[in-house]
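Taken together, the values in this text are just the output of simple stated rules run on the coordinates, not laboratory data. The structure displayed is predicted, hence computed values, not measured ones. Reconstructed Cβ throughout: ideal geometry from the backbone, glycine too, with neighbour counts over all protein chains shown.
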Amino acid sequence: MAANLAGHDSHGVGMIPSYLRSHAQGHLQFNRHASVMKDAGAVVTLDGNAGFGQVVAHEAMQKGIEKARQHGMAAIALRNAHHIGRIGYWAEQCAAAGFISIHFVSVVGDPMVAPFRGKDSRFGTNPLCVIFPREGQPPLLLDYATSAIAFGKTRVAWHKGEAVPPGSLIDARGEPTTDPAVMQTSPLGALLTFAQHKGYALATLCEILGGAVSGGQTTHQQSLQTCVDAIFNCMTTIILDPQAFDAPDMQRETEAFIDWCKQSPHEAHAPILVPGEWEEANRQARLAQGIPLDAGSWQAICQAALEAGFPPQKLAQFQPKIG
């Protein structure tokens, strides 16, 4: 729900059917918690035990915040976590505690993204996320997939019957396309990286820092390529205490720089935003007006609920509350 509030419907309640299918296939395990595999002081490795990413990632960040308070910084490697959703949420958890954080994330399972100049998929959407807490203001937040668009955005576009932006996809023959169906039905195509070689380079480092460093494997292993419903993540997070640096003017410099950027001439209808400002605007609007949900996503949620044994009569009462 927090992802929907931030405007990222690709990582919101529309994931519920996929999670239920993953559990039915034996991948997602209910009632699991993160286990500490190695504690080296400021560096900790955890295993998510295939549990809900929303649970084990929270536990990992709590451990990291605890270690950063002790040491001034910490590195937390989490592996074998079922889909951890919008990475910005975990960064916001760190920022709420007063910490800077940097997150390198890999996606274990079916490859979805083609390497620069490649014609088929070789790795996942591999997000990168950085947050900086501000005094009295929402944090600066960078959070995006290294693919041109997130896989979930192809699902949303597919349900809405919309095309995706050019330069986002190739079909099963390696040809450019704007049809999101190539990521939803066989034969599958592939996502492209953003900014061509630049996104590919970041994706590669996220694969290594997220997957290899955590001990969570990388997508080259055929045994991990099972089904698109089993989305697993590995995440290596660096957490920094701003107070540990010799920078008493850090916050003042930050605000002065933001003001300087926003003073650049621009069109009146297109204000200059800082990282994270778009999400905050969506959050405030949706808290006031509600979360929109397209008919295709709602139908998929209803079908998944019925298959899981949810009573139809109880499901029907939610229909009027969905826009």
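Given Cβ point charges of +1 (Lys, Arg) and -1 (Asp, Glu) and nothing else, what value in debye, to the nearest 20, does the dipole of the chain about its Cα centre take?
On the way: 23 positive and 28 negative charges, 138 e Å.
That gives the chain a dipole magnitude of about 660 debye.
Using a ≥ b ≥ c from the Cα gyration tensor of the chain (square roots of the eigenvalues), is it rounded, prolate or oblate, where a/c under 1.5 gives rounded and otherwise the larger of a/b and b/c decides, a/b for prolate?
Values: a/c = 1.36, a/b = 1.22, b/c = 1.11.
Rounded.
Let me check against my output: what whole-number percent is the relative contact order of the chain, with C-alpha pairs under 8 Å and at least 6 apart?
Working: 660 pairs, mean separation 69.6, N = 323.
Result for the chain is 22 percent.
Which whole-number percent gives the relative contact order of segment 1-111, counting Cα pairs below 8 Å spaced six or more residues apart? Could the numbers behind the result be given before it?
On the way: 156 pairs, mean separation 24.2, N = 111.
Reported relative contact order: 22 percent.
In this model, which of Lys67/Lys198; Lys153/Lys198; Lys63/Lys153 are farther than 23 Å apart at the alpha-carbon? Don't jump to the answer; show the numbers that get you there.
On the way: Lys67/Lys198 33 Å; Lys153/Lys198 21 Å; Lys63/Lys153 31 Å.
From Lys67/Lys198; Lys153/Lys198; Lys63/Lys153, over 23 Å: Lys67/Lys198; Lys63/Lys153.
Net charge around Gly7, counting only other residues with Cβ within less than 12 Å of its Cβ (Lys, Arg = +1; Asp, Glu = -1)?
On the way: positive: Arg86, Lys153, Arg283, Arg286; negative: Asp9, Asp143, Glu277, Glu279, Glu280.
Charge balance near Gly7 sits at -1.
Need one word for segment 1-101: rounded, prolate or oblate. Basis is the Cα gyration tensor (sqrt eigenvalues a ≥ b ≥ c); a/c below 1.5 gives rounded, then a/b vs b/c decides. Each step should come with its number before you reach the end.
Values: a/c = 3.43, a/b = 1.38, b/c = 2.48.
Oblate, since a/c reaches 1.5 and b/c is not below a/b.
Fewest first, what order do Cys129, Cys206 take by the number of other Cβ atoms within 10 Å?
Numbers: Cys129 24, Cys206 27.
Ordered by Cβ neighbours within 10 Å, fewest first: Cys129, Cys206.
Looking at segment 150-206, which trypsin sites (Lys or Arg not before Pro) are DSSP coil and have at most 13 other C-beta atoms within 10 Å of their C-beta? It would help to have the intermediate numbers written out before the result.
Details: sites: Lys153, Arg155, Lys160, Arg173, Lys198; in loops: Arg173.
When the trypsin sites (Lys or Arg not before Pro) of segment 150-206 are filtered for loop state and at most 13 Cβ neighbours within 10 Å, Arg173 remain.
When the distances between all Cα atoms of segment 116-206 are binned every 10 Å from zero, what whole-number percent does each bin get?
Over segment 116-206, the share of Cα pairs per 10 Å bin runs 17, 44, 25, 11, 3, 0 percent.
Classify segment 195-323 from the C-alpha gyration tensor, please: rounded if a/c falls under 1.5, else prolate or oblate depending on whether a/b exceeds b/c. Show your work: numbers first, answer last.
Numbers: a/c = 2.31, a/b = 1.26, b/c = 1.83.
Verdict is oblate for segment 195-323.
Just order 32-44, 139-151, 82-94 by mean Cβ neighbour count inside 10 Å, highest at the front, would you?
Numbers: 32-44: 14.6, 139-151: 22.3, 82-94: 24.7.
The packing order, highest mean first, is 82-94, 139-151, 32-44.
Using just the helices of the chain, give the 222 nm mean residue ellipticity in deg cm²/dmol: DSSP H runs with n ≥ 4 each add -39,500 (n - 2.57), and the total is spread over all residues, rounded to 500.
Numbers: 10 runs with 106 residues, N = 323.
So the helix-based figure for the chain works out to -10000 deg cm²/dmol.
Can you tell me which aspartates and glutamates have their Cα less than 19 Å from the Cα of Lys38? Leave out same-chain residues fewer than eight positions away.
Lys38 reaches Asp47, Glu59, Glu66.
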